[in-house]
Amino acid sequence: MAHRLLSSANRVSARFAFICTLSLSCTYLCYNIIFYRGTIMTNQGYKSPKRKKPQSPHKEEGKGLMPRTLDSQITLEKTPSYFVTREAPRRISSMSHETKLIVVVRNPVTRAISDYTQTLSKKPDIPTFEELAFKNKSVGFVDTSWNAIRIGMYILHLENWLQYFRLSQMHFVSGERLITDPAGEMGRVQDFLGLKRIITDKHFYFNRTKGFPCLKKPESSSQPRCLGKSKGRTHVQIDQEVIEQLREFYRPYNIKFYETVGQDFKWD
Ligand SMILES: Nc1ncnc2c1ncn2[C@@H]1O[C@H](COP(=O)(O)OS(=O)(=O)O)[C@@H](OP(=O)(O)O)[C@H]1O
């Protein structure tokens with residue numbers, strides 16, 4: 001199955017793109033917009049094993065889950081947690097060395113608060129953000145074992161990916177610019193995937209009620225399309241002092257990340 005999937009004799013494309021990045025950093029939006037393009041097949045609709053959390057793709061399992069695509073199509077997979085899953089880069093690279101990776105990143109402090117806000121909406125009894133974020137708040141000792149904090153240390157995860165993929169195979173989308181300039185950001189994604197720029201300014205409008213850009217009427221529907229209620233909800237209020245402490249904490253990791261990817265995301 002795996003071999004057939006990659007064989008050009010079967011007229012099946014070997015072009016894969018993974019959006020395998022950080023939960024709560026607009027990956028869903030990016031995925032949805034790309035999906036509106038006709039050239040892309042996704043693995044959705046394929047029977048995946050029932051599982052609570054997405055697992056890192058096993059070599060064979062990953063291929064089995066991918067739809068067969070034509071040379072003119074790209075197979076797209078979106079699982080935010082892959083970016084921070086240790087085995088994911090090795091497994092994805094053993095599936096295809098030429099896979100393209102799209103990583104949507106966002107200020108790690110905002111990301112942590114967003115992550116906490118989401119957990120709190122499901123489990124209202126959890127400790128406060130401050131209690132979880134620090135081992136010792138008075139000395140600013142941050143608890144890096146808390147996932148909401150650890151995921152934002154992007155450079156550590158990226159180094160794991162760079163053992164298996166070239167930087168030129170990766171494209172980093174700014175979560176902040178995806179909100180302020182969705183067309184510009186999606187233009188760069190289309191360039192990276194080698195696609196003609198079809199998604200442009202005329203596909204978006206700013207929805208005042210939602211407070212975010214939304215897609216104008218997609219071809220398949222008569223209605224405009226905004227993301228759901230759980231995307232872009234009001235964040236829990238966090239003390240400015242706590243935010244400053246976390247900014248300090250993330251600064252060296254951010255700087256190393258900017259240097260490695262060659263882009264300044266201006267989170268400081
Ligand atoms: N156009 C538009 N509409 C709504 N939300 C938008 C949009 N663009 C970006 N965002 C930001 O996307 C954040 C959710 O990211 P994800 O969709 O990647 O989350 S998830 O990983 O699928 O859970 C979500 O984070 P929160 O604001 O923390 O909820 C949004 O800020």
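The values are calculated or read from the model by the stated rules, or taken from the named source; none is laboratory data. Since the model is a prediction, treat every value here as computed from it, not as a measurement. A quick note on method: Cβ atoms are made from the backbone with ideal geometry, for glycine too, and the neighbour counts reach across all protein chains shown.
Details
- If you check Lys256, Lys216, Lys229 for being in contact with a Pro (Cβ under 6 Å, 6 or more places away or on another chain), more than 9 Å from the ligand (Cβ to nearest atom) and not acidic (Asp, Glu), only one passes: Lys216.
- For first residues located in the range 130-146 and under 15 Å from Glu248 (Cβ atoms) and aromatic (Phe, Trp, Tyr), partners that are modelled with pLDDT of 95 or more and buried (at least 17 other Cβ atoms within 10 Å of the Cβ) and lie 6+ apart or on another chain with Cβ distances below 8 Å form the pairs Phe134/Val142; Phe134/Gln245; Phe141/Phe134.
- Yes/no for Glu131 being over 30 Å from Ala17 (Cβ atoms), exposed (fewer than 15 other Cβ atoms within 10 Å of the Cβ), out of contact with any Lys or Arg (no Cβ under 7 Å at 6 or more places or on another chain) and of a type outside the set (A, V, I, L, M): yes
- Any hit, the range 230-242, residues being surrounded by 17 or more Cβ atoms within 10 Å (Cβ to Cβ), in a helix (DSSP H, G or I) and touching a strand residue (DSSP E or B) at 6+ places or on another chain (Cβ under 7 Å): no
- Evaluation of Asp191 against (1) buried (at least 18 other Cβ atoms within 10 Å of the Cβ); (2) more than 17 Å from the chain's Cα centre (by Cα) (one fails), failing number: (1)
- Number of the exception - Met186 against (1) surrounded by 14 or more Cβ atoms within 10 Å (Cβ to Cβ); (2) modelled with pLDDT under 95; (3) not basic (Lys, Arg); (4) not in a helix (DSSP H, G or I): (4)
- Single unsatisfied condition, Val104 versus (1) part of a helix (DSSP H, G or I); (2) within 16 Å of the ligand (Cβ to nearest atom): (1)
- Residue in the range 112-129 that is nearest to Pro252 (Cα to Cα), counting only those that are assigned to a helix (DSSP H, G or I) and in contact with a helix residue (DSSP H, G or I) (Cβ under 8 Å, 6 or more places away or on another chain): Ala112
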